[in-house]
Amino acid sequence: MMRPVTTRAEYMALRGSNEQQQLMTAIRNGNESLKHRLVQMNYSCLPNADGTLRGSTHMSNTVGMDIDHLKAEEMPAVRDRILTKKDELGLGMLEESARGCGYHLVFSRRPHMSQVENLQWAAQLLGVDYDAQAKDITRVFFTTGTEQLIYLDDAIFASEEVLGTDYTDLHGLSKSSDDNNSCNSRNSCQEKDYNGMAFSDIIAKYWELFNGGKVPVVGDRNALTFELAVTLRCICGYSMEGLQAIVPNYWAQPDGTCTEADRTEYLHTLENALKEPRRGMPLRLKQVLQALKEQQGVKACGGTISTPPPLPKRLPPLIKLLTRNVPWYYKPAVASAVFPALGAHLHGVHFRYWDNVDHEATFMNLLVGRQSVGKGSIKKPIEYIMEDIRQRDLLSRQREAEWKQKNPSGKQKKDPRPADICIQMLIDNLTDAVFNQRVVDVHNNGERYIYTIVDEVEALKKVTSSHKADEVGLLIRKAFDNSMAGQERVGADSVSGIAPLRWNFNASTTPPNARKFFYKMVNDGTVSRLDVATIIRPSEDDDEAPILGIYDDQFAAELKPYIDRLDAANGLIECPQARKLALDLKQENADTARLYESEAYRVLSYRANVIAWLKGMVLYVAHGYRWDKTIADFVRWSEQYNLWCKMLYFGSQLEKELNDEQELQRHSGPQNLLELLPDEFTREQYLQMRQQAGRPGPGDSTLRTWQTRGHIAFDETSARYVKIK
């Protein structure tokens, strides 16, 4: 089942995923057996009437052409010839093939010509031979990585009337330009979909949730296939033809062959499933579809379910410097984690967002990763960024200590506390009085930031006297908006003062602890205000300690000009390019949320856009008020990466809570009690709903009445009541 790829960002994310890069490295090193695991792209969609790949509804405006089996010495000349003729050809894409002995190119379709005639025309124009073996089918290329991409024109994404580029991660659906694979009875179900979800994905998720990821085998295939067919029949028209098209024949051999007796048993199992009483959409199917929908929210951010959007190949110089001493799989986390420290160097600086609301450089970074994955890799870059502030803090701490010594608590007449004491770096064990004093001090000394770094997010509880997660959530919400914070006290020795809260921090944690700590804050705006990052190490390196680069005086000297520019900045700073990019991303996010039908993605994208834009503004200042493509690409990536991490760790909970809110609004006001219940419900759920609706008594007579009138039936197997539609 194909789906359209409609933006350069999504296209490059597919090409540049960690898995794709690793596969290409292995293939180029001689392991060609891995080629079938590469992402597949289809640039030559034809109408389905001729039996081509499902998922294409229009003829594409492009044609894919494979030039294979070139000698190494021929490659440069052929490449130059293609690029020289790119305008006449209407070149949309040019890449090296997986094995590196040829090219894949995409050119504008001549609509008055057939597929074969288009290929012949291009071959004659370029003076090359094309692979004629697959000329009459939908062309599928095993896509290579970002390094192998030579040319890409956004025009291949822009057509409104045709699907220009389609992507499939399924193999064996058609003959590709590199292999000749035929469809058999085991994978024929992959050609169809339900509401944009491939039946192959639905079935795979079903086995994952309800059979430990294992498919039926001899001994259980009758029972398991029957249960699967009963689950799926309601979304394939309750027809035998529909079930045969989507339910795999687990009696078939790997090559697709099947004895007559086994095929009879397979068909008999489907027939029995269809004879079962109809009871609406089964609970299991709802759970599967919900799980896939939640995965779609992750996919909407670019990358895949297991790999985040790849870091751009070319980085802004400052980010390149700060990430150069860590392995590649740590670079995304470091690239995100440095911004709270960078932002702490700005003072009295305001940036104007596209909605004309002023923001400051507020960054609260949460690094989520399993234990011993290397979350400490962010510390050294941050340490060097904060060194100048640490040195200034030493002097202020010394002066504060001297003042306290001269003016002990309880002394009747005290010397005024020096007004220019300003301590920005905080430890993670504070009283409310100390925290508020620091907030007031940094405000009165140039509208600066306080900064905290903790090894575990739980330690943030210690920045307040209450030591509660809820209080930390309140501080996060106030800090992001620079809302007023502080305390007013009457006592002479009490700390009093109110000022805008400017607080940046770095905190690390594991996935379970992250979900536990922020469990009550996923849907109140707290999580959306965080900049979330993660570390996903390749499995082959899991047991190896990372080798870090050297942080020394040379590193500090290279970093200093950027820090100096941030320290020197002041006032309102605007950047038209950043403003336009933020507006573009806002529209893209809205389109993506609709495409993937993810309410959680839509909600999280609002502040993710602000956070990414703020990073762009900090980089704009740090690079001497210069904006370029590397900053724009980094901002785009940063937003998608932040969203990917949030959807991965918090998306399921947020999606569910938002859906529950919508359901509650839909059912507000007096309604039939049966309508308030799900399609399948237990007696306990019925009693709970009855109590919430204020109905007296146990309600057994109501259940009997619903059964008598045919509104519900009791399923002995699941011990649930099922609505009958």
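When the range 572-624 is examined, which residues are found to be under 20 Å from Glu657 (Cα atoms), touching an Asp or Glu at 6+ places or on another chain (Cβ under 9 Å) and of a type in the set (A, V, I, L, M, F, W, C)?
Hits for the range 572-624 are Ala593, Ala600, Ala608.
Look at Glu95 and say whether it is of a type in the set (Asp, Glu) and open to solvent by 50 Å² or more (accessible area, probe 1.4 Å).
So Glu95 fails the test.
Does Asp129 meet the test of being at pLDDT below 85, open to solvent by 10 Å² or more (accessible area, probe 1.4 Å) and not aliphatic (A, V, I, L, M)?
yes
One line per residue, one yes/no per condition, for (1) at negative phi; (2) open to solvent by less than 40 Å² (accessible area, probe 1.4 Å); (3) hydroxyl-bearing (Ser, Thr, Tyr):
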| position | (1), (2), (3) |
| --- | --- |
| Tyr330 | yes, yes, yes |
| Phe339 | yes, yes, no |
| Arg352 | yes, no, no |
| Asp358 | yes, no, no |
| Lys375 | yes, yes, no |
| Gln391 | yes, no, no |
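From the list Glu227, Glu294, which residue is under 37 Å from the mean Cα position of the chain (by Cα) and open to solvent by 70 Å² or more (accessible area, probe 1.4 Å)?
Glu227
So which residues in the range 312-328 are in contact with a His (Cβ under 9 Å, 6 or more places away or on another chain) and either open to solvent by 10 Å² or more (accessible area, probe 1.4 Å) or without any contact (Cβ under 8 Å) to a residue 12 or more places away in the chain (or both)?
The one that is in contact with a His (Cβ under 9 Å, 6 or more places away or on another chain) and either open to solvent by 10 Å² or more (accessible area, probe 1.4 Å) or without any contact (Cβ under 8 Å) to a residue 12 or more places away in the chain (or both): Pro317.
If you go through the range 65-92, how many residues are in a strand (DSSP E or B) and loosely packed, with under 15 Cβ neighbours inside 10 Å?
Residues that pass the stated criteria total 0.
I need a count of the residues in the range 93-120 that are in a loop (DSSP other than H, G, I, E, B), touching a strand residue (DSSP E or B) at 6+ places or on another chain (Cβ under 7 Å) and closer than 19 Å to Gly145 by Cα.
So the count comes out to 3.
Pick from the range 393-412 the residues that are open to solvent by less than 60 Å² (accessible area, probe 1.4 Å) and polar (S, T, N, Q): which of them is modelled with the highest pLDDT? Give the derivation first.
Here is the first cut: in the range 393-412, the residues open to solvent by less than 60 Å² (accessible area, probe 1.4 Å) are 393, 396, 400-401, 403, 407, 410.
Now restrict to residues that are polar (S, T, N, Q): 396, 407.
Details: Ser396: 94, Asn407: 86.
Only one residue tops the list, namely Ser396.
Which residue is farthest from Tyr641 (Cα to Cα), if the candidates are limited to the range 362-404 and must be of a type in the set (S, T, N, Q) and touching a residue at least 40 places away in the same chain (Cβ under 8 Å)?
Gln371
Quick one: how many residues across the range 676-719 are outside any helix (DSSP H, G or I), among the β-branched types (Val, Ile, Thr) and open to solvent by 40 Å² or more (accessible area, probe 1.4 Å)?
From the range 676-719, those outside any helix (DSSP H, G or I) are 677-682, 693-699, 709-719; that's our starting set.
Those left that are additionally among the β-branched types (Val, Ile, Thr): 682, 712, 717.
From the residues that got through so far, the ones that are open to solvent by 40 Å² or more (accessible area, probe 1.4 Å) too are 717.
Qualifying residue count for the region: 1.
Among the residues of the range 417-433, write down those that are free of Cβ contacts under 8 Å to residues at least 60 places away in the same chain and either closer than 20 Å to Gln391 by Cα or hydrophobic (A, V, I, L, M, F, W, C) (or both).
Pro418, Ala419, Asp420, Ile421, Cys422, Ile423, Met425, Leu426, Ile427, Asp428, Leu430
What pairs come out if I take residues in the range 206-230 that are more than 15 Å from Arg284 (Cβ to Cβ) and pair them with residues that are open to solvent by 60 Å² or more (accessible area, probe 1.4 Å) and modelled with pLDDT of 90 or more whose C-beta lies under 8 Å away, six or more apart or interchain?
Taking only residues 6 or more apart or on different chains, the pairs are Asn222/Glu265.
Among the numbered criteria (1) at pLDDT below 80; (2) touching a helix residue (DSSP H, G or I) at 6+ places or on another chain (Cβ under 8 Å); (3) closer than 28 Å to Cys301 by Cβ, which single criterion is violated by Pro698?
With respect to (1) at pLDDT below 80; (2) touching a helix residue (DSSP H, G or I) at 6+ places or on another chain (Cβ under 8 Å); (3) closer than 28 Å to Cys301 by Cβ, Pro698 is out only on (3).
Which one of these does Asp166 not meet: (1) under 29 Å from the mean Cα position of the chain (by Cα); (2) modelled with pLDDT under 65; (3) open to solvent by 10 Å² or more (accessible area, probe 1.4 Å)?
The single condition Asp166 does not satisfy is (3).
For the range 710-725, which positions are out of contact with any helix residue (DSSP H, G or I) (no Cβ under 8 Å at 6 or more places or on another chain), at pLDDT 80 or above and over 13 Å from Leu283 (Cα atoms)?
Matches in the range 710-725: Gly710 only.
Determine which single condition Ser528 fails, assuming it passes every other condition in (1) touching a residue at least 24 places away in the same chain (Cβ under 8 Å); (2) assigned to a helix (DSSP H, G or I); (3) open to solvent by 20 Å² or more (accessible area, probe 1.4 Å).
(3)
Restricting to the range 425-455, name every residue that is under 33 Å from the mean Cα position of the chain (by Cα) and crowded, with 18+ Cβ neighbours inside 10 Å.
We begin by selecting, within the range 425-455, every residue under 33 Å from the mean Cα position of the chain (by Cα); these are 425-428, 448-455.
Once the filter is applied, which keeps residues that are under 33 Å from the mean Cα position of the chain (by Cα) and crowded, with 18+ Cβ neighbours inside 10 Å, the range 425-455 yields Met425, Leu426, Arg448, Tyr449, Ile450, Tyr451, Thr452, Ile453, Val454.
Assess whether Asp415 counts as being part of a loop (DSSP other than H, G, I, E, B), closer than 21 Å to Thr362 by Cα, acidic (Asp, Glu) and modelled with pLDDT under 90.
no
The values are calculated or read from the model by the stated rules, or taken from the named source; none is laboratory data. All values reported here derive from a predicted model rather than from experimental measurement. Positions of Cβ are generated from backbone atoms using ideal geometry, with glycine treated the same way; all protein chains shown enter the neighbour counts. Areas reflect the complete protein model, heavy atoms only, side chains present, ligands, DNA and RNA absent. Shrake-Rupley method; radii C 1.70, N 1.55, O 1.52, S 1.80 Å.
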